[in-house]
1. If a residue must be more than 8 Å from the ligand (Cβ to nearest atom), closer than 24 Å to Ala274 by Cα and either within 15 Å of the chain's Cα centre (by Cα) or basic (Lys, Arg) (or both), how many such residues does the range 356-378 contain?
2. Quick check on my filter: what residues within the range 226-243 are part of a loop (DSSP other than H, G, I, E, B), more than 6 Å from the ligand (Cβ to nearest atom) and touching a Leu at 6+ places or on another chain (Cβ under 7 Å)?
3. Any idea which of (1) open to solvent by less than 70 Å² (accessible area, probe 1.4 Å); (2) of a type in the set (Lys, Arg); (3) part of a loop (DSSP other than H, G, I, E, B) is the one Lys83 doesn't satisfy?
4. Is it fair to say Thr128 is of a type in the set (Ser, Thr, Tyr), at pLDDT 95 or above, part of a helix (DSSP H, G or I) and under 20 Å from the mean Cα position of the chain (by Cα)?
5. So the check is Cβ under 6 Å with 6+ separation or different chains; which pairs have a first residue in the range 52-76 that's farther than 16 Å from Asn379 by Cα and a second one that's acidic (Asp, Glu)?
6. Taking the range 316-334 only, how many residues are under 25 Å from Val391 (Cβ atoms) and either open to solvent by less than 20 Å² (accessible area, probe 1.4 Å) or among the basic types (Lys, Arg) (or both)?
Amino acid sequence: MTSYLKSMPSRDGYFGDYGGAMLPPPLEPHFKEIREAYDRLSKSAEFLGELRHIRKHFQGRPTPVSYLKNLSHLCGGAQIYAKREDLNHTGAHKLNHCMAEGLLAKFMGKTKLMAETGAGQHGVALATAAAYFGMECEIHMGEIDIAKEAPNVTRMKLLGATVVPVSFGGRSLKEAVDSCFQSYVAQADTALFAIGSVVGPHPFPMMVRNFQHVVGVEARAQFLEMTGELPDMVAACVGGGSNAMGLFSGFIDDDVALYGVEPRGTSSKLGDHAATITFGHDGDIHGFRTLVLTDEAGEPAPVHTIASGLDYPGVGPEHAHLHKTGRVTYTAADDKEALAAFYALSRHEGIIPALESAHAVAFAMREAKGHPGKSILINMSGRGDKDIDYVTETFGFGEGL
Ligand SMILES: *Cc1c(COP(=O)(O)O)cnc(C)c1O
């Protein structure tokens with residue numbers, strides 16, 4: 001592990017001013033148990049050996065890095081490359097932390113995995129892990145997302161998970177987290193709450209980052225092997241921030257510019273976007289300190305983006321820290337740019353990206369022209385099969401783009 005990763009977070013889970021664990025008293029012993037188990041297992045040859053075996057023989061790692069020749073040619077300027085997390089089993093990077101969280105639960109003697117899900121990708125990945133380890137699985141999902149991401153709901157049920165619809169508030173990701181926390185309090189003796197990103201109380205932001213670190217380690221070695229150099233710019237979309245931390249963590253001690261791309265939705269007005277770092281303020285959400293989008297009453301604000309998986313009014317505390325130190329530059333792409341990127345990558349590269357990942361593609365397409373002779377590596381965090389019905393029924397086939 002690099003020197004940065006060893007120094008962050010602090011023992012009590014702080015990345016500078018952000019992070020920590022603000023827990024209701026009944027959950028404190030359970031998070032202590034998770035922290036101690038992770039501290040022990042992250043140094044255990046048996047745990048790491050089994051994780052390595054799973055990644056290679058079940059997930060299909062390493063995933064490749066692809067040179068996006070046609071897109072690079074089309075944009076003119078920088079050469080664009082993609083780390084292909086869309087080629088993970090289940091179609092997104094989330095399986096990286098779900099299999100590891102499932103393995104952690106197994107070593108802890110738990111019999112059930114629980115989580116919230118937005119686009120359904122985390123739910124599918126966790127249900128997959130539960131099936132693999134022979135555990136029960138309970139997934140909380142907002143009703144709006146259930147309607148929008150029907151195929152993923154079907155997948156979760158086929159994989160044996162119980163899907164709990166969340167019908168209060170904005171009926172999306174934030175409420176799904178609240179609902180899952182409530183249910184978890186009653187069954188924390190036998191269940192593990194497998195948080196779906198680098199968010200939540202300590203140790204989850206650190207643990208999920210370290211489980212995703214494999215993405216950056218592989219990408220760095222693969223890029224070096226392909227080109228003989230490191231990329232000039234590395235970019236990833238940021239919802240909670242796990243695919244971004246996975247990729248960034250491979251380059252954080254290098255002289256490589258890192259860019260997080262947030263969803264600007266339909267406009268910069270509160271409620272129209274989910275660009276937490278771009279527009280948010282210091283605050284607390286779901287048991288940790290970070291940047292938050294809040295309404296006038298100081299409550300987490302409603303958010304919008306075309307990509308359900310980016311639909312969260314908070315962000316991982318490490319991103320809030322990396323923003324403050326300036327090590328990572330945060331920018332945003334709106335729904336229109338993401339859609340244009342979705343069509344362009346499909347048409348010109350034969351890769352249908354998840355709408356989430358399309359935000360990173362949009363960044364590369366926007367930046368390429370101004371950076372001739374440079375290289376941009378983006379994280380293709382997931383594939384877009386889940387989005388094709390929604391996109392084509394709402395926007396057609398990208399005629400005229
Ligand atoms: C969930 C998801 C994201 C957003 O989550 P992060 O924790 O920010 O990575 C991005 N891309 C895909 C494909 C997803 O499923």
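The values are calculated or read from the model by the stated rules, or taken from the named source; none is laboratory data. Treat the numbers as computed from the prediction; the structure is a model and nothing was measured. Please note: Cβ atoms are built from the backbone with ideal geometry, for glycine as well, and neighbour counts cover all protein chains shown. The protein model used for the area step is the full one, side chains on, heavy atoms only, and it has no ligands, DNA or RNA in it. Shrake-Rupley method; radii C 1.70, N 1.55, O 1.52, S 1.80 Å.
1. Matching residues across the range 356-378 total 5.
2. Passing the criteria: Leu230, Pro231.
3. Lys83 satisfies all of (1) open to solvent by less than 70 Å² (accessible area, probe 1.4 Å); (2) of a type in the set (Lys, Arg); (3) part of a loop (DSSP other than H, G, I, E, B) except (3).
4. On the way: of a type in the set (Ser, Thr, Tyr): yes; at pLDDT 95 or above: yes; part of a helix (DSSP H, G or I): yes; under 20 Å from the mean Cα position of the chain (by Cα): yes.
So Thr128 fits the description; yes.
5. So the pair list comes out as Asn70/Glu349.
6. From the range 316-334, those under 25 Å from Val391 (Cβ atoms) are 331-334; that's our starting set.
Now drop any that are not either open to solvent by less than 20 Å² (accessible area, probe 1.4 Å) or among the basic types (Lys, Arg) (or both), which leaves 332-333.
Looking only at that region, the number is 2.
Table: residues versus (1) out of contact with any strand residue (DSSP E or B) (no Cβ under 9 Å at 6 or more places or on another chain); (2) under 13 Å from Leu5 (Cα atoms).
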position: Phe204; (1), (2): no, no
position: Gln212; (1), (2): yes, yes
position: Ala221; (1), (2): yes, no
position: Leu224; (1), (2): yes, no
position: Ala244; (1), (2): no, no
position: Phe248; (1), (2): no, yes
position: Gly260; (1), (2): no, no
position: Pro263; (1), (2): no, no
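Listed here are the residues, each with its yes/no results for (1) in a helix (DSSP H, G or I); (2) in the same structural domain as Val303 (by TED's automatic domain parsing); (3) surrounded by fewer than 19 Cβ atoms within 10 Å (Cβ to Cβ).
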position: Ala147; (1), (2), (3): yes, no, yes
position: Arg155; (1), (2), (3): yes, no, no
position: Ala221; (1), (2), (3): yes, yes, yes
position: Phe251; (1), (2), (3): no, yes, no
position: Asp255; (1), (2), (3): no, yes, yes
position: Val261; (1), (2), (3): no, yes, no
